[in-house]
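Only the coordinates and a few stated rules stand behind these numbers; no lab work does. Keep in mind it's a predicted model, so treat the numbers as computed, not measured.
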Amino acid sequence: MKKIRSISISALLVIALATVVIAKVNSIASVQNNTTNNLGSVAVYVGNTPTFVYVPGQGTYNVGVLSTPTSVVINNYVIQQGTYGIATLPTGVKVKVSLSGNIIVVGDTIENN
């Protein structure tokens, strides 16, 4: 009887924890990499809380976030919500990055002059 009770309590705790974890992800942010460059680990911030997504090349990469991102960081370059900027990748390639709502767009490789 004690084993059944212990298993039941454990199962309830696991379900409660899963519910809390799922409840925290309220939104999806998408990193749309329109280049063939490896962006590495991209940090999507909501306030002071980062969520990371690995972006190895071209494509769309989704990440669960608490709400609308306030900024995104690519290779230590910070782009704030509603703006765009230039991020230099570890390879030296420069790309244009914009953050609008839950969409982060990376594209337009910038040529060095």
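Convex hull volume per residue, computed on the Cα atoms of the stretch 70-113, equals 61 Å³. For the pair Tyr54 and Ile110 in one chain, pulling the backbone fully straight at 0.36 nm per residue adds 18.0 nm over the alpha carbon distance. When restricted to Cα atoms, the stretch 25-110 yields an Rg and a Dmax of 11.4, 35 Å, respectively. Here the gap between Asn76 and Ile28, fully extended at 0.36 nm per residue and compared with their Cα-Cα distance, gives a gain of 15.1 nm.
Couplings for the stretch 51-59, taken from phi via the Karplus curve 6.51 cos²θ - 1.76 cosθ + 1.60 with θ = phi - 60°, read 10, 9, 9, 8, 10, x, x, 5, x Hz in order; Gly and Pro are left as x.
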